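*Asks:* Okay, handing you the structure first.
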Amino acid sequence: MMTKNPEKPDILVYGQPKALVTSGLGGAFATHAVETRADLDRINPAIAARIRGVAVNGLVSADKAMMALFPKLEIVSSFGVGYDHVDSAYARDHGIIVTNTPDVLTEEVADTALGLLIATLRELPAADRFVRSGQWAKGNYPLTAGSLRGRIVGMVGMGRIGQAIARRLDASLVPVVYHSRHPAAGVSYKHFPNLVEMARAVDTLIIITPGGASTNKLVNAEVIDALGPAGVLINVARGSVVDEPALIAALKARRIMAAGLDVFANEPNVPEELRALPNTVLLPHVGSASVATRNAMDQLVVDNLLAWFAGKPPLTPIPETPVKGR
């Protein structure tokens, strides 16, 4: 649906429609909604020439070709803490602000990560199926080889969410170390500059690092095998960070014990080989997917646009953004 009001800035709402974003922008802006890349190609050039801001709903691609359609584009307000679906280099080079939605999802994703870790170690989904199928009447569920007790967790990434996960592990009396390109400020956990060395020193990896070219297949076969046969891999970051075929091979050969995954290389298409493995717990990218948290993220998408067009600084600019104040 396209609306026009020459007295209001023109905003493109790109991706799956969201009621809170639509209602939040409707009063202050002339909004133009499209869902897919194909829809973008059908935008009237006269409308494209007026677009000054984009609200990106979900993981639709805001790449160079997309942004180049809008010569007056000033800001891309993106949903989610990860922004590898936005060409931040192009935006920076063309003076376009990019914002994301950090902080409001930190605790929710950390909750999911710890829940996924415990569910994977203690085989909770399999135990649930055991009860539902009536097998309990025939005998007790087998003791699980996995336990949180006695484990050492290596965090791949130690940003806001990584630190929130680590706090939960502290409370569970589980030692934590981490790998990142640079030591995190104010963090006392041991830092490993080399990821393979960290994987050898731990038996559990929790991945919570940004996606993108710099982390593509960062967790490769060498890292996975370094965990050893008791190893467990948890990914709540991006599917691209893990070499998915290498992980499948390691799980099938039992070179590691198990994996808990909330993200995949080609969502929502999860390889049949992975879905068939009994030593996995698979979630449909629900790390932040509660009503309360998703509403807060949607509202931050709106608030970044409202702030910018009111002449204020963007609320949550990404580090690469060209302007941090006004």
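No lab work stands behind these numbers, since they all come straight from the coordinates. None of the values given here were measured: they were computed from a predicted structure. Methodologically, a virtual Cβ is constructed for each residue, glycine included, from the backbone with ideal geometry; neighbour enumeration extends over all protein chains shown.
*Asks:* Taking amide H positions as placed 1.01 Å from N in the peptide plane, with prolines and chain starts having none, which residues 5 or more places from Ser78, or on another chain, fall under 5 Å of its amide H?
*Replies:* Here Val56, Thr99, Asn100 satisfy the definition.
*Asks:* I would also like to ask the following. Less than 18 Å from a label point 7 Å out along the Cα-to-Cβ axis of Lys190: which backbone N atoms in the stretch 217-250 qualify, by residue?
*Replies:* Only 226-228, 231-232 fall inside the zone, counting backbone N under 18 Å.
*Asks:* Still on this structure: Evaluate 2.2 N^0.38 Å with N set to the residue count of the stretch 106-282, then give the Cα radius of gyration divided by it.
*Replies:* The value comes to 1.01.
*Asks:* Filter the GluC sites (Glu not before Pro) in the stretch 243-326 down to the DSSP loop ones having no more than 14 other Cβ atoms within 10 Å, then list what survives.
*Replies:* Glu320
*Asks:* Any idea what the dipole of the stretch 106-282 comes to, in debye rounded to 20, about its Cα centre with Lys/Arg Cβ at +1 and Asp/Glu Cβ at -1?
*Replies:* Result for the stretch 106-282 is approximately 380 debye, rounded to the nearest 20.
*Asks:* Also: Just rank Asp39, Asp303, Asp243, fewest to most, by other beta-carbon atoms within 10 angstrom.
*Replies:* Exposure proxy ranking, most exposed first: Asp39, Asp303, Asp243.
*Asks:* Let me ask something additional. Mind checking the angle between helix 106-121 and the chain's longest principal axis? C-alpha axes, 0 to 90 degrees, to the nearest 10.
*Replies:* 30 degrees
*Asks:* Pairs of alpha-carbon atoms within less than 8 angstrom and 6+ residues apart define the contacts here; what relative contact order does the chain have, in percent?
*Replies:* 18 percent
*Asks:* Here is a follow-up. Once both axes come from the Cα atoms, what is the angle between helix 160-171 and the longest principal axis of the chain, in degrees from 0 to 90, rounded to 10?
*Replies:* Around 30 degrees separate the two axes.
*Asks:* About its Cα centre, how strong a charge dipole does the chain have in debye, to the nearest 20, once Lys and Arg get +1 and Asp and Glu get -1 at the Cβ?
*Replies:* 340 debye
*Asks:* Okay, moving on. Give the label of the value calculated from the structure for P(r) over Cα pairs in 20 Å bins from 0, in percent, choosing from (i) 35, 61, 4; (ii) 30, 50, 19, 1; (iii) 26, 39, 29, 6.
*Replies:* Checked against the structure: label (ii).
*Asks:* How many percent of Cα pairs in the stretch 86-179 exceed 17 Å?
*Replies:* 65 percent
*Asks:* Gaussian network model of the chain, Cα springs within a sub-10 Å range: biggest mean-square fluctuation belongs to which of Val76, Val187, Val54?
*Replies:* Judging by the Gaussian network model, the answer is Val187.
*Asks:* What's the Kirkwood radius of the stretch 1-95 in Å, using all Cα pairs?
*Replies:* Value: 13.3 Å, from the Cα pair sum.
*Asks:* Taking the chain as a Gaussian network, where each spring joins two C-alpha atoms under 10 Å apart, which residue of Ala33, Ala137, Ala91 fluctuates the most?
*Replies:* Ala137
*Asks:* Nearest 10 degrees, 0 to 90: what angle lies between the long axis of helix 291-309 and the longest principal axis of the chain (Cα atoms)?
*Replies:* 30 degrees
*Asks:* Let me ask another. In deg cm²/dmol and to the nearest 500, what is the mean residue ellipticity at 222 nm of the chain if only DSSP H runs of at least 4 residues count, each as -39500 (n - 2.57), divided by the residue total?
*Replies:* Working: 13 runs with 109 residues, N = 326.
My calculation for the chain gives -9000 deg cm²/dmol from helical runs alone.
*Asks:* Hey, fewest Cβ within 10 Å first, where do Tyr189, Tyr83 land in order?
*Replies:* In increasing order of surrounding Cβ atoms, one gets Tyr189, Tyr83.
*Asks:* Work out the FRET efficiency for Ala221 and Val131 from their Cβ-Cβ distance, taking R0 = 45 Å, and round it to the nearest 0.05.
*Replies:* The computed FRET efficiency comes out at 0.80.
*Asks:* With 10 angstrom as the radius, rank Ser172, Ser240 by how many other C-beta atoms surround their C-beta, starting from the fewest.
*Replies:* Working: Ser172 14, Ser240 20.
By the 10 Å Cβ count, ascending: Ser172, Ser240.
*Asks:* Total Lys pairs in the chain closer than 25 Å by alpha-carbon, pairs eight or more apart in sequence or interchain only?
*Replies:* Lysine pairs satisfying the spacing and distance rule in the chain number 18.
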